[in-house]
Amino acid sequence: MASPDNTADGRTLDLMVRQIRFEGKGINSYELVDPQGEALPPFTAGAHIDIHLKGGTVRQYSLSNSPSERHRYVIAVLRDEAGRGGSKAVHDTLRVQDRVKVSAPRNNFELAANARKVVLLAGGIGVTPLKAMAHRLEEAGIDYEMHYCARDARCTAFADELASIETSGRLHFHFDGGDPSAGLNIGELLHEPAHDTHVYYCGPAGFMKACAAAAQHWPSGTVHFEHFKAPERDLSQQVAGAVGEFIVKIASTGQMIPVTPDQSIADALDEAGVPIETSCRAGLCGTCKVRYLSGEVEHNDCILGDDEKREYLTACVSRATSRELVLDL
Ligand code: FES
């Protein structure tokens with residue numbers, strides 16, 4: 001099996017771009033393999049990898065292929081002209097046979113083990129983790145339905161692979177021509193919470209909002225989602241330092257570390273010589289998740305569930321609303 005190499009930080013995999021495919025308007029998929037043909041570390045549906053791009057940029061992309069495949073990771077990247085530059089860098093610089101450093105897969109968007117039925121809601125490029133889930137559910141023989149919302153057929157990714165699911169009657173495409181009101185009626189679909197059914201959704205901001213509103217009356221623990229971009233309000237709060245200065249205390253040493261309004265907890269820890277691993281720095285990936293023992297937290301992330309928030313924070317975007325925060329470090 002391909003093992004983490006020692007050339008960078010000892011935690012990355014050195015993979016090769018084996019194939020790049022045009023999947024839809026502005027969307028390419030990238031198949032990454034071990035250069036020696038070794039099996040890759042396993043992953044579960046909903047997992048993502050960090051891709052280390054030239055210039056030190058790191059971006060997270062969900063794995064879209066079946067978790068039963070051990071010979072490749074497949075990601076799909078929508079070129080976002082208004083984005084932070086990661087997707088453009090992938091489109092403009094990654095070529096077949098290039099070597100690329102990636103992290104081992106991590107998963108903050110796991111399929112629940114006890115679901116009798118699963119509803120998958122994909123908005124645009126948010127289809128990537130849900131496609132991996134569809135593969136997994138097909139293979140496990142678990143009942144599911146998948147709704148793929150996009151502007152039109154040209155904007156869908158993996159159309160040919162998904163066609164095999166569509167013939168089973170489980171996949172439903174919804175094309176709105178750019179007018180969400182002409183697309184899937186998510187409120188109607190999720191109107192009645194179904195017994196032992198779990199809902200998963202991923203897509204752009206408007207789609208996420210619509211799904212959240214439609215699923216708010218579903219039982220706790222049955223609705224799961226993943227943002228692929230931090231909501232604007234969270235980023236602005238982070239930049240503006242919405243909450244003032246506070247102190248972080250390291251439980252194991254008693255070290256007191258001030259966090260200024262324009263600093264993240266992760267940055268303050270780093271400066272004080274207590275570095276923790278980070279990746280997206282936007283509250284999306286969970287790499288910087290830290291347990292806290294006391295203090296009041298303003299979370300600002302997009303991944304932690306309500307139960308987790310009582311125990312954990314993400315050091316890249318969370319802030320304290322109390323004077324002191326004690327971290328279990
Ligand atoms: S680094 Fe990704 S959530 Fe903090």
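With the gyration tensor restricted to C-alpha atoms of the chain, the semi-axes of the equivalent ellipsoid amount to 33, 25, 19 Å, longest first. Judged by the ratio a/c of the largest to the smallest principal axis of the C-alpha gyration tensor, the range 117-225 counts as oblate, that ratio being 1.5 or greater while a/b is no larger than b/c. Using a probe of 1.4 angstrom and keeping all protein chains present, the accessible surface of the range 232-327 works out to 47 square angstrom per residue. For the range 88-158, the alpha carbon convex hull comes to 145 Å³ per residue, rounded to a whole number. Surface composition of the range 117-225: carbon plus sulfur atoms contribute 52% of the solvent-accessible area (1.4 Å probe, protein chains only, all chains present).
Just the number please: accessible area per residue for the range 12-103, 1.4 Å probe, all protein chains included, in Å².
Values: 3900 Å² over 92 residues.
On a per-residue basis, 42 Å².
Stretching the chain fully between GLU38 and THR167 yields a gain of 43.1 nm (0.36 nm per residue, less the alpha carbon separation).
The GluC sites (Glu not before Pro) of the range 87-166 meeting both criteria, a DSSP state outside H, G, I, E and B (loop) and at most 16 other C-beta atoms within 10 angstrom of the site's C-beta, are GLU110. Of THR253, THR93, the residue with the largest accessible area leads and the full order is THR253, THR93 (1.4 Å probe). How large a share of the accessible area of the range 232-327, in percent, is made up of carbon and sulfur atoms when the probe is 1.4 Å and the other protein chains stay in place? Ligands and nucleic acids excluded, carbon and sulfur reach 46 percent. In a reduced charge model with +1 at each Lys and Arg Cβ and -1 at each Asp and Glu Cβ, the chain shows a dipole moment near 500 debye about its Cα centre.
Each other residue within a Cβ distance under 13 Å of PHE158 adds +1 if Lys or Arg and -1 if Asp or Glu, for a net charge of -3.
Plugging the Kirkwood radius over Cα pairs into Stokes-Einstein for the range 232-327, at a temperature of 25 °C and a viscosity of 0.890 mPa s, what D comes out in µm²/s? For these conditions, the coefficient is 189 µm²/s. When the solvent-accessible area of the range 1-111 is split by element, carbon and sulfur atoms take up 48 percent of it, the probe being 1.4 Å. Taking label positions 7 Å along the Cα-Cβ direction at both ASP196 and ARG310, the computed distance is 2.7 nm, reported to one decimal.
The values are calculated or read from the model by the stated rules, or taken from the named source; none is laboratory data. Remember, it's a predicted structure, so these values are computed and weren't measured experimentally. Here Cβ is always computed from backbone atoms with ideal geometry, including for glycine, and neighbour counts include all displayed protein chains. Quick note on the areas: whole protein, heavy atoms, side chains included, nothing else; ligands and nucleic acids left out. Shrake-Rupley method; radii C 1.70, N 1.55, O 1.52, S 1.80 Å.
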